[in-house]
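K.L.:
This is the structure I have questions about; it appears just below.
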Amino acid sequence: MIAPVERHALVRAVALAQQAVVRASPNPGVGCVITRDGRVVGEGATHPPGGPHAEVVALRSAGDRAQGGTAHVSLEPCAHHGRTPPCVDALVDAEVARVVIAHPDPNPVAAGGMARLRAAGIEVIGPLAATDPIRLAVAAQLEGFLSLATRGRPHVTLKLAQTADGALVAPDGQRWLTGPAARASVHRWRAARDAVLVGSGTVVADDPSLDAREVVVVRQPRPVVFDARLRTTPAHRVARAGALVITTSRAPVDRAGALRAAGVEVVAVGAGEGGGVALDEAFAALGRAGIASVFAEPGASLAAALVAGGLVDRLVLHVAAHLGDGQPRRAVPSPPGGAWRTERSGGAGRDAVLHLVPVPGPATTEVSEPTSATAANRPVEEHA
Ligand code: AOF
Ligand code: ZN
């Protein structure tokens, strides 16, 4: 049985982990809290790839006081020699008495930590039940890592903006449909993801930079362009070091060379229906490039293809507080064999923001209402 005081320490470990999610990616951002005799004696969170894992940071800060203590970890300690030695060995060497685990590690290479700890005579508590709110919080903060570990592809959040009557462009040709608050939330999303994805049509039409601005940035997301014919040139703003362009073998070889000279990584995959990049292959390539989470801001056709391909894990829909040209249309296609369920809704300045997740089966008519006045007033983007 897990004691309330241990749950409390796990909540603290999850909060520490939250600060490490972006810097640690594509590794999981993990938190560790070590207690002894009811007091916290050490804490830590995962460093960027190649650096120490959470347990090692916490053990260092605890020193001798870890002996006989309890380590609370948001993710099962690793049992493998990766870029760093196994955390289970560090816990055994430090002679902790107990380890409390919120979420198992699905990475088959690193898993097995619980068995190794038990074999060394350490009491292991956990992992928590799949529906436990603390474990669910870890699953949410590690959605990128878990997607990569279990599906070999990144977690995808798709952003769409439309007018209240379903038009994708503003009637008077203005650049922005939505107000400053909704646009600021886009930059928070970018800062929290490994990559920002658009199609070549958006690059050619808008020349976006796709970086995160006017927010605290741990590290900039990588720009990613799906570009079957290589229409992106070194003159475009996205064509910079760190950018990744996914193309097909149909693209002219000299264009790939020019982009590579500008520091862009160019990867060719097969062509899909309609001549675009094969989306499953493209996302597998992103996974191999260590991209665990994607914020997609494509135009209507790539957005529709992503949805139809079952590749969208979350839809962030900005609904601008004005009308389009008076011709309603359905801007948001349904996911294959299912429908969107509104997980959260709220306001960003004058606009509405919906967070939707794909669910199997027909559209639900019921939208869950906020349970309290506080929840109703909380802007949805606070949690982005
Ligand atoms: C832990 N604590 O803080 C993290 C873990 O290449 P490496 O050596 O950094 O290992 C990466 C793998 O280790 C990663 O895929 C995941 O399974 C686990 N991450 N484990 O005990 C941590 N970040
Ligand atoms: Zn580890």
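K.L.:
For the chain, give the magnitude of the charge dipole about the Cα centre (Cβ charges: +1 Lys/Arg, -1 Asp/Glu; no others), in debye to the nearest 20.
P.N.:
The calculation lands at about 520 debye.
K.L.:
Work from the charge dipole of segment 153-376 (Cβ charges, +1 for Lys and Arg, -1 for Asp and Glu, about the Cα centre) and give the residue of Q327, A258, A184 farthest towards its positive end.
P.N.:
Result: A258.
K.L.:
Please work out how much length the chain gains when fully extended from T342 to A140, using 0.36 nm per residue of separation minus the C-alpha to C-alpha distance, in nm with one decimal.
P.N.:
Gain on extension, T342 to A140, equals 71.1 nm.
K.L.:
Just want the answer: with Cβ charges of +1 for Lys and Arg and -1 for Asp and Glu, which residue in V14, I101, Q67 is farthest toward the dipole's positive end in segment 1-139?
P.N.:
V14
K.L.:
Would the chain count as rounded, prolate or oblate if I go by the C-alpha gyration tensor, calling it rounded below 1.5 in a/c and otherwise prolate when a/b exceeds b/c, oblate otherwise?
P.N.:
The shape class here is prolate.
K.L.:
Mind giving me the nanometre distance, one decimal, between the label points for A120 and S301, set 7 Å out from Cα along Cα→Cβ?
P.N.:
Rounded to a tenth, the inter-label distance reads 5.6 nm.
K.L.:
Using θ = phi - 60° and the Karplus form 6.51 cos²θ - 1.76 cosθ + 1.60, what ³J(HN,Hα) does each residue of segment 99-105 get, whole Hz, x for Gly and Pro?
P.N.:
10, 10, 10, 7, 10, x, 8
K.L.:
Between R23 and R350, take the C-beta separation as r, use R0 = 30 Å, and let me know the FRET efficiency to the nearest 0.05.
P.N.:
Efficiency at R0 = 30 Å is approximately 0.30.
K.L.:
Express in nm, to one decimal, how much length is gained between A321 and D206 on full extension, taking 0.36 nm for each residue of separation and deducting their alpha carbon distance.
P.N.:
Stretched out fully, the A321 to D206 stretch lengthens by 39.1 nm.
K.L.:
Given H placed 1.01 Å from N in the peptide plane, which residues other than close sequence neighbours of I125 have an amide H under 5 Å from its amide H?
P.N.:
Close amide H contacts, sequence-distant or interchain: V99, V100, I101.
K.L.:
Hey, another quick one. Using DSSP, restrict attention to beta bridges with both residues in segment 4-146 and report what percent are antiparallel, rounded to the nearest 5.
P.N.:
55 percent
K.L.:
Only bridges whose two residues both fall in the chain count here: according to DSSP, what percent of them are antiparallel, nearest 5?
P.N.:
Taking every DSSP beta bridge within the chain, about 45 percent pair in antiparallel fashion.
K.L.:
For segment 144-235, which trypsin sites (Lys or Arg not before Pro) are both in a DSSP coil and crowded by at most 12 other Cβ atoms within 10 Å?
P.N.:
Filter output for segment 144-235: R175.
K.L.:
Please report, in debye to the nearest 20, how large the charge dipole of segment 4-146 is about its Cα centre when each Lys and Arg carries +1 at its beta carbon and each Asp and Glu carries -1 there.
P.N.:
Result for segment 4-146 is approximately 160 debye, rounded to the nearest 20.
K.L.:
Which loop-located trypsin sites (Lys or Arg not before Pro) does segment 24-95 contain, where loop means any DSSP state but H, G, I, E or B and the Cβ has at most 15 other Cβ atoms within 10 Å?
P.N.:
Sites meeting the loop and neighbour criteria: R83.
K.L.:
What's the FRET efficiency of A3 with R60 using the Cβ-Cβ distance as r and R₀ = 35 Å, to the nearest 0.05?
P.N.:
Here the calculated transfer efficiency is 0.85.
K.L.:
At what distance in nm do the modelled label points of E95 and T131 sit from each other, each positioned 7 Å from its Cα along Cα→Cβ?
P.N.:
Label at E95, label at T131, 4.3 nm between them.
K.L.:
Measure nothing fancy, just the Cα-based angle from helix 4-18's long axis to the longest principal axis of the chain, in degrees from 0 to 90, nearest 10.
P.N.:
40 degrees
Values quoted throughout were computed directly from the atomic coordinates according to the rules given, and no laboratory measurement underlies them. Computed from a predicted model, the values in this text were never measured in an experiment. Here Cβ is always computed from backbone atoms with ideal geometry, including for glycine, and neighbour counts include all displayed protein chains.
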